[in-house]
Amino acid sequence: MVVKIEKRKLIILGAGFAGIRVVQDLLKKNANQIFDITLVDRRDTHVFQGDLYEVATAFNKKITNQCLTDLRETVATPIKDLIDFKKVKFLKDEVLGIDHTTKKLRLKKTGSISYDYLVVALGSETNYFDIPGLKDHSFDMKTVEDALKINCHLDQFFRELWEKGEERDVYISVGGGGATGVELTAELATFLRCLAKKYHYPMGKIHLQLIEGSKILISLDKKGTDLVLNRLSKLGVNTFLERYIDSVSKNEITLRFPDGKKENIPSDFLVWTGGVMVNRIVQDSLGSKSKRGAMKVNPYLQSEHDKNIFVAGDNAFFQWGSDRPLPMVAQIAYQQGALVARNLLRISCGEALIRFEPKSPMYLIPLGGKYALLNTGKRIFVGRWVWLLKRWVYFKYALSILPFWKALAKFAHSTRIFTEND
Ligand SMILES: Cc1cc2nc3c(=O)[nH]c(=O)nc-3n(C[C@H](O)[C@H](O)[C@H](O)COP(=O)(O)OP(=O)(O)OC[C@H]3O[C@@H](n4cnc5c(N)ncnc54)[C@H](O)[C@@H]3O)c2cc1C
């Protein structure tokens, strides 16, 4: 008599850096024979967010549907190219809630589904800190659609000025001097030059400004910040440090100094990159307010509330040192996804779980054109070779999720498009 063993239901929420790593590593070990695996994401593509700034600033002589598709494909890869759907069920659906007491999920289209094991990797979203007018009068850059919107909107903006024959001062602002804000501002400098040429607009009338609340940029020290300031200044960027965005209206930003004084600056277009928070579904379902809305995990990356739930990437609050959370970066999400897959396999064999030992992330920050900064934590390097290193990191990542020729084609495609305006 053949005894059929019931497979345990494993659901992975989010096909981002952590979620894709979990599924691919499980499949390498044929875990679909042990688990009934379902992957849920509201999108059917996996996105490399580290290059969204390039999508937002890639220059097109004429914007067509084909060029938007080409641009999208530089950072978005269809999930069907990454995962064998014969082995894993994929649900393109939106997660509305997680109830760990009944082990059930609420999905927008599918309704309620139950799980035995759950992996939560739903990433993060933009935090507007309740700043009046900010959400309504700014663009954000979390998804491919957001990045394309920035690109098309700026093109349309200068086209309209050209059609009306207007030649006034225009102010393009970026809020937030973290990695995303700095890399976007630096690349916008080149993009705006291309748009000025395309629509015969005097470059001298275009003002690009970066606004940051603290004294430093990208969490660098004074020396590192000065290096970045110098580069931004050469690119024609006006950087405002120690100025918080207090409120935003259609054409004006009110800035607040540390001493409480305020100043208004004109703004025609604002991208907000200054705030990130854990996905709201996670915050509401299982997050802890004291842990920036993330789920506190034990050393094996299991939720402290429920050992059948693993958490990875931006959603996990992993205590590092004295209650210091790990940074919300792709490198950590990738490392955690790999460990969650290993621990799920070990659970299925009744083996002891492995502790998460984070490798310190290195920060590679593009600073416009083929020039970038590398912060190892101990030293800072800048130059063209750092930019090449950044492209290499992209290629290595593409190789880790795609077969060699597809990874190479993706790398060549994105590098060609991203360097067109350098
Ligand atoms: C513009 C930008 C630039 C960045 N640059 C870098 C960089 O250079 N280096 C670096 O290390 N990190 C970078 N990061 C951070 C990095 O992208 C994140 O830390 C990383 O993506 C986190 O991985 P994750 O798996 O937790 O979430 P994600 O990769 O964000 O994946 C979350 C997934 O969940 C899905 N999802 C979300 N909500 C729902 C829902 N309700 N229902 C269904 N599906 C849902 C999303 O569609 C997404 O596919 C950048 C982030 C941004 C926004």
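The numbers here are math on the coordinates, done by the rules we state, and not lab data. The structure presented is a predicted model; accordingly, all values stated were derived computationally and were not measured. Note that each Cβ is placed from the backbone with ideal geometry, even for glycine, and that neighbours are counted across all protein chains shown.
Residues S233, S288, ranked from the fewest to the most other C-beta atoms within 10 Å, line up as S233, S288. Packing-based ranking of 179-191, 328-340 yields 179-191, 328-340, ordered from highest to lowest mean Cβ neighbour count within 10 Å.
Considered as an equivalent ellipsoid built on the Cα gyration tensor, the range 144-276 has semi-axes of 25, 17, 14 Å, the largest given first. A helix-only calculation puts the chain at -11000 deg cm²/dmol for mean residue ellipticity at 222 nm, using -39500 (n - 2.57) for each DSSP H run of at least four residues, averaged over all residues. Please determine, in degrees from 0 to 90 and to the nearest 10, the orientation of helix 144-164 with respect to the longest principal axis defined by the Cα atoms of the chain, where the helix direction is its Cα long axis. Tilt relative to the chain: about 20 degrees. Let me know the shape class of the range 290-401, please: from the alpha-carbon gyration tensor, a ≥ b ≥ c as square roots of the eigenvalues, rounded when a/c is under 1.5, otherwise prolate if a/b is greater than b/c, or oblate. Because a/c hits 1.5 or more and a/b exceeds b/c, the range 290-401 counts as prolate. Between the Cα long axis of helix 384-401 and the first principal axis of the chain there is an angle of about 30°, rounded to the nearest 10. Volume of the convex hull of the range 1-73 (Cα atoms only), normalised per residue: 121 Å³. Largest GNM mean-square fluctuation among L148, L118, L399, using the chain with Cα springs under 10 Å: L399. Around G377, with a cut-off of 15 angstrom between Cβ atoms, what is the net charge of the other residues, counting Lys and Arg +1 and Asp and Glu -1? So the surrounding residues net to +4.
Of the GluC sites (Glu not before Pro) found in the range 1-84, those that fall in a DSSP loop while having at most 12 other beta-carbon atoms within 10 Å are E6. In this structure, the pairs whose alpha-carbon distance is over 27 Å, taken from K29/K80; K250/K291; K261/K378; K198/K390; K80/K108, are K250/K291; K261/K378; K198/K390. Which of rounded, prolate or oblate describes the range 111-182 when judged by the alpha-carbon gyration tensor and an a/c cut-off of 1.5? Prolate shape, in that a/c is at least 1.5 and a/b is the bigger ratio. Taking amide H as placed 1.01 Å from N in the peptide plane, the amide H of D36 sits under 5 Å from that of R8, K9, L10, each at least 5 places away or on another chain.
Kindly express, to the nearest 10 degrees and within the range 0 to 90, the angle between helix 65-75's C-alpha long axis and the longest C-alpha principal axis of the chain. In the chain, helix 65-75 runs at an angle near 60 degrees to the longest axis. Classified by the C-alpha gyration tensor, the chain has a prolate form. Its axis ratio a/c, with a ≥ b ≥ c, is 1.5 or above, and a/b is larger than b/c.
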